[in-house]
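Notes follow once the structure below has been shown.
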Amino acid sequence: MSKFNVAVVGATGAVGREIVKILEERKFPIKDLVLLASERSAGETIFFKKKEFTVQEPNKNSFENINIALFSAGSTVSRKFAPIAVKTGAIVIDNSSAFRMDSHVPLIVPEVNPQSIMNHSGIIANPNCSTIQMVIALKPILDEVGINRIIVSTYQSVSGTGKSAIDELTEQSSQILNNKKTTRKVYPHQIAFNILPHIDVFEDNGYTKEEMKLIHETKKILGNNKIKITATAARVPVFYGHSESVYIETNNHISINKLKKIYLKTKGIKLVDDIENNKYPIAIMSEIYDDVMVGRLRKDLTEPNGISMWIVANNLRKGAALNAVQIAELLI
Ligand code: A2P
């Protein structure tokens, strides 16, 4: 097969729109494209290769003749329609958390564990955005000297929540700058000019689901259950780009110079680390670069094998849509 019928579920969302754009940018070999979203946007049109495509509401027949279905409409929609798509013969690449931890569902970052894709039985999961950028930065270190421990704090942009959160930050920023009372629908507190140490729901252990995703997904992708990981995930008033402060302890010693040399050679990573000229990864750079940006590399002052770094990536592209399309490329 040289061209494929592709469906995008959640095509009108923040990630879905990016998927459609990236399929075009990367010249994915598409025969027919089916764009699906909720009844709210059924009938809307989206351009792909200068042609208009009408958005439809999914039903049990939507996946007939579809070879690859890219889902990005949340867990409920994935749970309902992914099994139907698979039954009809499609391979599903799912951006929700619905199946990520299922043992028969590979969780793939093409730069890190492409070989795991072989074990799929119809569904392949796309990891959480904050996990993707971290494992890409950590994999070369893991391969070189091993990693014993990870402490990660995230600073995640509102686009990770979806288009309603982008609207909320825009509205609240304007309300505040115009001395008006803020209104909110998406987050439990004002997000404009604020930081919320709360992403997704709280679990019984006091961590949020987002923090637990980072912990479990990292171990699954790296194929290493022994790594000790703790995470704090925060939502910041940034539109695009997730930033992470990551501290690791390696099993064996590695110098910062050696690490920089490795990063300079690693596909998918852009080393931005020139503090004398104030160069380090910043969230707005993720609107320009698709690579995961790594900088502020420094040795811990108390732990000989401790290294700290700052990692930034575009959460909608490498953290979601681009990774999903790269999985599709790997598949074909
Ligand atoms: P819609 O735009 O019609 O609401 P985001 O994460 O940016 O909020 O986007 C979520 C995506 O998932 C949107 O495309 C949204 O469509 C879609 N979606 C939400 N609920 C459903 C549903 N029940 N069936 C299909 N698509 C859905």
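Looking only at residues of the stretch 47-56 that are open to solvent by 70 Å² or more (accessible area, probe 1.4 Å) and touching a strand residue (DSSP E or B) at 6+ places or on another chain (Cβ under 7 Å), we find that the one that is nearest to the ligand (Cβ to nearest atom) is Gln56. Scanning the stretch 20-40 for residues that are surrounded by 17 or more Cβ atoms within 10 Å (Cβ to Cβ) and of a type outside the set (A, V, I, L, M, F, W, C) yields a single hit, Lys21. When Asn205, Asn194, Asn178 are checked against the criterion of being among the polar types (S, T, N, Q) and either in contact (Cβ under 8 Å) with a residue 24 or more places away in the chain or not assigned by TED's automatic domain parsing to the domain that holds Val238 (or both), Asn194 stands alone in meeting it. Condition check: open to solvent by 70 Å² or more (accessible area, probe 1.4 Å), among the aliphatic types (A, V, I, L, M) and without any contact (Cβ under 8 Å) to a residue 40 or more places away in the chain. Does Leu264 satisfy that? Yes; evaluated as a whole, the condition is true for this residue. Would you be able to say whether some residue in the stretch 90-97 is part of a helix (DSSP H, G or I) and either open to solvent by 20 Å² or more (accessible area, probe 1.4 Å) or modelled with pLDDT under 95 (or both)? No, the stretch 90-97 has no match at all.
Mind listing whichever residues of the stretch 13-37 are within 11 Å of the ligand (Cβ to nearest atom) and within 21 Å of Glu287 (Cβ to Cβ)?
Keep residues of the stretch 13-37 that are within 11 Å of the ligand (Cβ to nearest atom), which gives 13-20, 35-37.
Gly13, Ala14, Val15, Gly16, Arg17, Glu18, Ile19, Val20, listed by residue number.
Residues that are in contact with a Phe, Trp or Tyr (Cβ under 9 Å, 6 or more places away or on another chain) and not small (Gly, Ala, Ser): which strands (runs of 3 or more DSSP E) entirely in the stretch 1-88 hold 2 or more of them?
By residue number, 4-9, 30-36, 45-48, 68-71.
Yes/no per residue for (1) open to solvent by 40 Å² or more (accessible area, probe 1.4 Å); (2) in contact (Cβ under 8 Å) with a residue 12 or more places away in the chain; (3) out of contact with any Lys or Arg (no Cβ under 6 Å at 6 or more places or on another chain):
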| residue | (1), (2), (3) |
| --- | --- |
| His242 | no, yes, yes |
| Leu259 | no, yes, yes |
| Asp273 | no, yes, yes |
| Asp290 | yes, yes, no |
| Met293 | no, yes, no |
| Lys318 | no, yes, yes |
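The set of residues in the stretch 193-244 that are on the phi < 0 side of the Ramachandran plot and of a type in the set (Asp, Glu) comprises Glu203, Asp204, Glu210, Glu211, Glu217, Glu244.
Here the condition is being buried (at least 22 other Cβ atoms within 10 Å of the Cβ) and within 13 Å of the ligand (Cβ to nearest atom); of Gly43, Gly74, Gly10, it holds for Gly10 alone. Residue check: Val201 meets all listed conditions (1) among the hydrophobic types (A, V, I, L, M, F, W, C); (2) more than 17 Å from Gln156 (Cα to Cα); (3) exposed (fewer than 11 other Cβ atoms within 10 Å of the Cβ) but one, namely (2). Kindly indicate whether any position in the stretch 145-160 is more than 19 Å from Val312 (Cβ to Cβ) and of a type in the set (Val, Ile, Thr). Yes, there is a match, as at least one residue in the stretch 145-160 is more than 19 Å from Val312 (Cβ to Cβ) and of a type in the set (Val, Ile, Thr). Hey, any hits in the stretch 42-61 for a residue that's within 22 Å of the chain's Cα centre (by Cα) and over 21 Å from Leu331 (Cβ atoms)? Within the stretch 42-61, not a single residue is within 22 Å of the chain's Cα centre (by Cα) and over 21 Å from Leu331 (Cβ atoms). Selection of the stretch 136-165 for residues being buried (at least 19 other Cβ atoms within 10 Å of the Cβ), outside any helix (DSSP H, G or I) and more than 16 Å from the ligand (Cβ to nearest atom) yields Ile147, Ile150, Val152, Thr154, Tyr155.
Evaluated against (1) over 16 Å from Leu322 (Cα atoms); (2) in contact (Cβ under 8 Å) with a residue 24 or more places away in the chain; (3) open to solvent by 20 Å² or more (accessible area, probe 1.4 Å), Ala82 falls short on exactly one condition, (3).
The values are calculated or read from the model by the stated rules, or taken from the named source; none is laboratory data. All values derive from a computational prediction rather than experimental measurement. Cβ: placed from backbone, ideal geometry, glycine included. Neighbour counts: every protein chain shown. Side chains included, ligands, DNA and RNA excluded: accessible areas come from the protein's heavy atoms. Shrake-Rupley method; radii C 1.70, N 1.55, O 1.52, S 1.80 Å.
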